[in-house]
1. Does residue 267 fit the bill of being surrounded by fewer than 14 Cβ atoms within 10 Å (Cβ to Cβ) and farther than 27 Å from residue 53 by Cβ?
2. Looking only at the range 24-55, which residues are assigned to a helix (DSSP H, G or I) and more than 16 Å from the ligand (Cβ to nearest atom)?
3. Residue check: is residue 288 within 14 Å of the ligand (Cβ to nearest atom) and free of Cβ contacts under 8 Å to residues at least 60 places away in the same chain?
4. If I filter the range 68-94 down to residues being within 30 Å of residue 309 (Cα to Cα) and surrounded by fewer than 16 Cβ atoms within 10 Å (Cβ to Cβ), which single residue comes out as modelled with the lowest pLDDT?
5. Hey, does the range 81-93 have a residue that's away from the ligand (no atom under 16 Å from the Cβ), touching a helix residue (DSSP H, G or I) at 6+ places or on another chain (Cβ under 8 Å) and without any contact (Cβ under 8 Å) to a residue 24 or more places away in the chain?
6. Can you find a residue in the range 242-258 that is touching a strand residue (DSSP E or B) at 6+ places or on another chain (Cβ under 7 Å) and either in a helix (DSSP H, G or I) or modelled with pLDDT under 95 (or both)?
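The values are calculated or read from the model by the stated rules, or taken from the named source; none is laboratory data. The model shown is predicted, which means the values in this text are computed figures rather than measured ones. In this analysis, Cβ positions are derived from the backbone assuming ideal geometry, glycine residues included, and neighbour counts consider all displayed protein chains.
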Ligand code: CP
């Protein structure tokens, strides 16, 4: 496969299907490539919390023989300044120009988690943190969830769907769900991008006002009627996101859109998917999460192998 400089979105992959195949082989034989990362180091920089991404990325790296360094920028590192030609007399002590170059002295790859602010749409859409690190680092940058994308999650979801769904062209529904906090669009965006590479009858359903970025939604079907959208579905992927137009706003918090066992009965005995973490009985009812058709734990398991496949590509061709 051709060279991949950074892994920021699924568009950085030459062939998404081949990466999912590679993830599958990593799952079948996790230590098959354990010499690939010998004497190389992966740095993990977290600007936001994580359970799955932090642990699965470390596991993936170790299975490839990589050493790993982890740093929480939220409470351990100097606050980073991103503005150019600024007088740094405020609270920010270190400029990204130095930080990115310094980290590159210690690591052969740097993976970064930096969520959306949900207050500054322009900054979020520019992916300021990832793009600035990518500009000044001399090593490849991997996205562990940025303002607008969570491609490692999407690859794990793609692997999970491929393993579990036997229907040739399944009906896959991405359904909005309520949440008390404003959440970003990254998971939904990357799932939609994954669907561009998946043979499926794909429908997005959400209440009016919760439209996603129209450039990402493109020509995909959108319905404001959740019950209608769920009819005959083979996979139901549930996720909350805040308003895109009224950026960062929560327009409704009622439970009308929560996924329930009653709603799942409208489907074709569908699998239930969610990236986790999930608020029980807010986003989905206990009866959905505890049902045999829930794939949430397997999705989390597959995060390791999806990440292993991406790191394998960077090690082999980066
Ligand atoms: N799905 C996911 O990215 O989980 P974490 O936020 O716990 O890493």
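1. Values: surrounded by fewer than 14 Cβ atoms within 10 Å (Cβ to Cβ): no; farther than 27 Å from residue 53 by Cβ: yes.
No, not satisfied.
2. Within the range 24-55, the first condition is being assigned to a helix (DSSP H, G or I), and the residues that meet it are 24-28, 52-55.
Of everything in the range 24-55, those that are assigned to a helix (DSSP H, G or I) and more than 16 Å from the ligand (Cβ to nearest atom) turn out to be 24, 25, 26, 27, 28.
3. Values: within 14 Å of the ligand (Cβ to nearest atom): no; free of Cβ contacts under 8 Å to residues at least 60 places away in the same chain: yes.
In short, no.
4. Narrowing the range 68-94 to residues within 30 Å of residue 309 (Cα to Cα): 68-74, 76-77.
Then drop every residue that is not surrounded by fewer than 16 Cβ atoms within 10 Å (Cβ to Cβ), which leaves 69-71, 74, 76.
On the way: 69: 98, 70: 98, 71: 97, 74: 86, 76: 90.
That would be 74.
5. Filtering the range 81-93 for residues away from the ligand (no atom under 16 Å from the Cβ) gives 81-93.
From what's left, touching a helix residue (DSSP H, G or I) at 6+ places or on another chain (Cβ under 8 Å): 81-82.
Then keep just the ones that are without any contact (Cβ under 8 Å) to a residue 24 or more places away in the chain; that gives 81.
Yes, the range 81-93 contains a residue that is away from the ligand (no atom under 16 Å from the Cβ), touching a helix residue (DSSP H, G or I) at 6+ places or on another chain (Cβ under 8 Å) and without any contact (Cβ under 8 Å) to a residue 24 or more places away in the chain.
6. Residues of the range 242-258 that are touching a strand residue (DSSP E or B) at 6+ places or on another chain (Cβ under 7 Å), as a first pass: 257-258.
Okay, now just the ones that are also either in a helix (DSSP H, G or I) or modelled with pLDDT under 95 (or both), so 257.
Yes: one or more hits.
Quick grid of which residues meet (1) within 16 Å of the ligand (Cβ to nearest atom); (2) over 15 Å from residue 222 (Cα atoms):
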position	(1), (2)
158	yes, yes
168	no, yes
176	no, no
185	yes, yes
188	yes, no
191	yes, no
198	no, yes
203	no, no
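Yes/no per residue for (1) buried (at least 20 other Cβ atoms within 10 Å of the Cβ); (2) assigned to a loop (DSSP other than H, G, I, E, B):
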residue: 194; (1), (2): yes, no
residue: 199; (1), (2): no, yes
residue: 216; (1), (2): no, no
residue: 219; (1), (2): no, yes
residue: 228; (1), (2): no, no
residue: 232; (1), (2): no, yes
residue: 237; (1), (2): yes, no
